[in-house]
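K.L.:
Okay, handing you the structure first.
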Amino acid sequence: MSKRTLDLVGDLIRRERNRLGTRWRKVAPGTQALIVLAVLRHDQRLSDMAGGNQVSASTVRRWVLEVLRLLAARAPRLDRALKKIAKRGGVVLLDGTLVRTRRRTGAENRKNYSGKHKSHGLLFLALTDQKGNLIWISSARPGRSSEITTARHDKLTAYLREAGLGALADLGFVGLDDDPDDHPVIITGRKATRNHRLTDAEKEANRLLSRERAAVEHGFANLKSWRCLTKVRMNTRHATTLLRALLVLANTEVPR
């Protein structure tokens, strides 16, 4: 981990303790930051980190949730992130990813199963700039949800149109744009159908679009380098907070 990331988390913890007026804690802010980052980066088990630092596993869990809440509060809102990009000029890149979770029991099991990925998880949408820097992550949706449904739930086209921006997306978002003729904001490739084969020009356009969209995969790769996302073991209601906190950490650790 870079010193910049460790200082960021340590300063957040220190300011939160001053705000709460905490008289004492078992470890210093820097030590707490190091423990939490070890859990997030390497998916260290809470009991292992607790035993090595003479605290209980529940204390480590409380520290992790506290830091996630503080970091997630720094994640940009969608409208503000798009306005910032619009001032610089350019387009944004849109894509979705599935974060694997434990298999649930009972009625909660079915809705988190993704038929596309053949596994249980939660669906997230993300926007990046042209360099692959993550600028926004959506709230968690069940794994069975489609990317288009999630984008419509978050009103992405309305926010993009208000900011005067366009988004490059893959074929999974074909049909998302509600006004593709007069004011298009979602740019996708062309799909081949049974009655229509792609022409050479359409194939070349798809290749050019894929080349421009490659940067969004770098953004997801930086996000998933935090091994706590290998399989989310915490309660799924914390998943949105976790992803938005990791967005802040990923952009701090790998700036472009």
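K.L.:
Could you check which residue among Leu65, Leu208, Leu160 shows the biggest mean-square fluctuation in a GNM of the chain with a 10 Å Cα cutoff?
P.N.:
Looking only at Leu65, Leu208, Leu160, the biggest GNM fluctuation is shown by Leu208.
K.L.:
Tell me, what ³J(HN,Hα) does each residue in the stretch 93-98 have, in order and in whole Hz, if you take phi through Karplus 6.51 cos²θ - 1.76 cosθ + 1.60 with θ = phi - 60° and put x for Gly and Pro?
P.N.:
My calculation for the stretch 93-98 gives 10, 10, 7, x, 8, 9 Hz in order.
K.L.:
Could you sort the peptides 188-197, 150-159 by per-residue average Cβ neighbour count (10 Å cutoff), highest mean leading?
P.N.:
On the way: 188-197: 12.2, 150-159: 17.6.
Answer by packing, highest mean first, reads 150-159, 188-197.
K.L.:
Which residue fluctuates most in the GNM of the chain (Cα springs below 10 Å): Ala205, Ala215, Ala38?
P.N.:
Taking springs between Cα atoms under 10 Å, the residue moving most is Ala205.
K.L.:
What residues from the stretch 76-102 fall in the zone where the backbone N is under 19 Å from a label point 7 Å along the Cα-to-C-beta line of Ser146?
P.N.:
94-98
K.L.:
I've got another one for you. Normalised by the residues of the chain, what does the relative contact order come to in percent, with Cα pairs under 8 Å and at least six apart? List each step's numbers first, then the result.
P.N.:
Details: 364 pairs, mean separation 60.4, N = 256.
Computed over the chain, the figure is 24 percent.
K.L.:
Still on this structure, please answer the following. How far is it, in nm, from the label point at Arg104 to the one at Lys83 when both lie 7 Å from their Cα along the line to the Cβ?
P.N.:
Using points 7 Å along Cα→Cβ, the separation is 3.5 nm.
K.L.:
Could you run the Karplus curve 6.51 cos²θ - 1.76 cosθ + 1.60 with θ = phi - 60° over the stretch 161-167 and give me ³J(HN,Hα) per residue in whole Hz, x for Gly and Pro?
P.N.:
Residue by residue, the stretch 161-167 yields 5, 5, 7, x, 10, x, 10 Hz.
K.L.:
Cut-off 10 angstrom, C-alpha nodes, Gaussian network model of the chain. Which of Asp200, Asp178, Asp129 fluctuates the most?
P.N.:
Judging by the Gaussian network model, the answer is Asp200.
K.L.:
Hey, another quick one. What number comes out for the charge environment of Gly115, summing +1 per Lys or Arg and -1 per Asp or Glu over other residues with Cβ under 14 Å away? Show your work: numbers first, answer last.
P.N.:
Values: positive: Arg110, Lys111, Lys116, Lys118, Arg144; negative: Glu147.
Neighbour charge sum, excluding Gly115 itself: +4.
K.L.:
May I ask you to derive the relative contact order of the stretch 71-180, considering only C-alpha pairs under 8 Å and at least 6 residues apart, and to give it as an integer percent?
P.N.:
30
K.L.:
On to the next question. Which lysines, on any chain, are close to Lys155 with Cα under 17 Å apart, when same-chain ones fewer than 8 places away are left out?
P.N.:
Of all the lysines, those that pass the test against Lys155 - Cα under 17 Å, at least 8 places apart if same chain - are Lys83.
K.L.:
Simple spin-label model, 7 Å along Cα-to-Cβ: Asp48 to Leu198 in nm?
P.N.:
Roughly 4.4 nm, to one decimal.
No lab work stands behind these numbers, since they all come straight from the coordinates. Treat the numbers as computed from the prediction; the structure is a model and nothing was measured. Heads up, the Cβs are rebuilt from the backbone with ideal geometry, glycines too, and the neighbour counts pull from every protein chain shown.
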